[in-house]
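One structure is given here, and the rest of the page talks about it.
The values are calculated or read from the model by the stated rules, or taken from the named source; none is laboratory data. Just so we're clear, the structure is a prediction, and the values are computed from it rather than from any experiment. Note that we place each Cβ from the backbone using ideal geometry, even for glycine, and neighbour counts take in every protein chain shown.
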Amino acid sequence: MNYLDLSIRDIHQALVEKKVTPLELTKEALKRAKENKDNCFEMILEEEALAFASTLTEPEADNLLWGIPYLAKDNFSTKGLPTTASSNILVGYKPLYDATVIAKLKEKKAVLIGKTTLDELAMGGTGTTGHLGITYNPYDPKHERMIGGSSCGSAAAMAAGIVPFALGSDTGDSVRKPASYGGVIGVKPTWGRISRYGLFPFAPSLDHVGYFTRYAEDAAVLLEALSGRDVMDSTSSVKDVDAYVAESEKELVSPRIAVLDDIVESIRDNAIRDAFLDSLKKLEEAGAMINHIRFGHDLLESIYATYIVISCAEATSNDANLDGIKFGPYYEGKTYQEVMSQARTKGFSELIKRRFVIGSFALMRENQDVLFLRAQKNRAKIVERTNQILADNDFIFVPAAPTVAPKLGATSDKLSDEYLIADNHLALGNFAGLPSITMPLGYENGLPFGVNFMGRAFEESKLLSICRTFEKITGICGDYYGKEGK
Ligand code: GLN
């Protein structure tokens, strides 16, 4: 048994009792990080982490995160440390300040041991487009399968058991989908619950700080630590932060759970569908009321197109500052256009360029009505339908993804329901800004898959409570690839 494998509360207990020290935990996490072969890291902060951990000598009994090693996706600003967003355009960039979540974790004396890879600028879902190449799924040591993205490095590091928690960001599903492929918990809270200050923007109306944990209680611990109003982010909520850990311990009485049948039906993998349907029975046995509901096929089918138009449009305008002058490498040129065009041509990969073309096209005056505004109207319809379902139900519950981690390079029919609906529905949570958590459910041929619970805005306590119930049902939380005794 290694202390690093325990829940945050249990590690904390061992720290307080001085059975283990932050330095020992940090060394173990660094050792695992260095042994890992899945290309999870932009950088391992060995020196910094060891120096900080060795200052932590007096345990803080009331601070669960004291001395706990963690990782952050490399799109969170870290003062004085490189922050690349896995893009060549930001190589060499060192932010002058910490993202609020990084600052909060520093204050709690959690130990940052490294920064993880992502799909370039957090755009994409495969974990293959970052400037360091493909990040692999630890569950396939032959390196034939993706971990998914865009928070690929954090997800893979969690699936490999390197740290008890890792930060990610989620604009469409970038924490919750790779969580499913990696057999870990992936959390995206209500929009505004956690400050985004210092997180590189992708599409701010959809962007959320998210994170991965191995245990449901840990998810509550993190939410309590990271949430709250931040004057540096005017979109952060002024609502009080609940005592998520204590609140989520309370079992819900007959929670009403909506299952979206049109999503379940679009899944062709029988093992995943059957396991999901089986979990409904277990939830019922645990006292839940299951309501089978149809969201509306056409609306579901429109999620992807709506997401692409809105996210690309927002990204195009947000990333206009990556011009080789304000940010990015400077190339000589006679005009601003020349400097900018060189920096952007050399700095971005194909995927990013394609998305900027889509974004610019959608924002052109002559196209705005048919593309951008139409997408906004459709988003409003989707949000309305989602909230309508949640008016009568506490949660929406669906499989998180239609498959286990796909093989790299495998193609799918982009017009099928399986792709358009089952592979893209997690964006509902971003459109509506609702809290949404992926929980591991099981394994198919040794590869993990998960489910997703979504709740009402700012009802994270309830959402975490159902996740804690679900964790007891599956009994697989805490697993990672290669865990001793597994
Ligand atoms: N897969 C989605 C995309 O390609 C989501 C990305 C994200 O959530 N950051 O944009």
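Values computed for the structure shown
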read-out: Selection count where residues are touching a Leu at 6+ places or on another chain (Cβ under 9 Å) and within 16 Å of the ligand (Cβ to nearest atom), scope the stretch 138-161; value: 7
read-out: Of residues in the stretch 305-333 being surrounded by fewer than 19 Cβ atoms within 10 Å (Cβ to Cβ) and of a type in the set (Phe, Trp, Tyr), the one nearest to residue 384 (Cα to Cα); value: 327
read-out: Conditions (1) within 27 Å of residue 302 (Cα to Cα); (2) under 24 Å from the mean Cα position of the chain (by Cα); (3) surrounded by fewer than 20 Cβ atoms within 10 Å (Cβ to Cβ); number of the one not met by residue 268; value: (2)
read-out: Those helices (runs of 4 or more DSSP H) lying entirely in the stretch 306-378 with at least 2 residues at pLDDT 95 or above, within 16 Å of the ligand (Cβ to nearest atom) and over 17 Å from residue 122 (Cβ atoms); value: 350-363
read-out: Which listed residue is without any contact (Cβ under 8 Å) to a residue 40 or more places away in the chain and either at positive phi or surrounded by 15 or more Cβ atoms within 10 Å (Cβ to Cβ) (or both), from 94, 79, 73; value: 79
read-out: Of the criteria (1) surrounded by fewer than 19 Cβ atoms within 10 Å (Cβ to Cβ); (2) under 26 Å from residue 306 (Cα atoms); (3) acidic (Asp, Glu), which one residue 444 fails; value: (2)
read-out: Unmet criterion (only one of (1) assigned to a loop (DSSP other than H, G, I, E, B); (2) under 29 Å from residue 232 (Cα atoms); (3) in contact (Cβ under 8 Å) with a residue 40 or more places away in the chain) for residue 155; value: (1)
read-out: Helices (runs of 4 or more DSSP H) wholly inside the stretch 8-116 that include at least 3 residues being under 22 Å from residue 152 (Cα atoms) and over 22 Å from the mean Cα position of the chain (by Cα); value: 22-35
read-out: Qualifying residue in the stretch 174-187 (condition: farther than 21 Å from residue 406 by Cα and modelled with pLDDT of 95 or more); value: yes
read-out: Which numbered condition residue 140 fails, given (1) buried (at least 24 other Cβ atoms within 10 Å of the Cβ); (2) touching a strand residue (DSSP E or B) at 6+ places or on another chain (Cβ under 9 Å); (3) of a type outside the set (Phe, Trp, Tyr); value: (1)
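Conditions tested, residue by residue: (1) closer than 30 Å to residue 70 by Cβ; (2) touching a Phe, Trp or Tyr at 6+ places or on another chain (Cβ under 6 Å).
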| residue | (1), (2) |
| --- | --- |
| 226 | yes, no |
| 236 | yes, no |
| 251 | yes, no |
| 264 | no, no |
| 270 | no, no |
| 274 | no, no |
| 303 | no, no |
| 334 | no, no |
| 342 | no, yes |
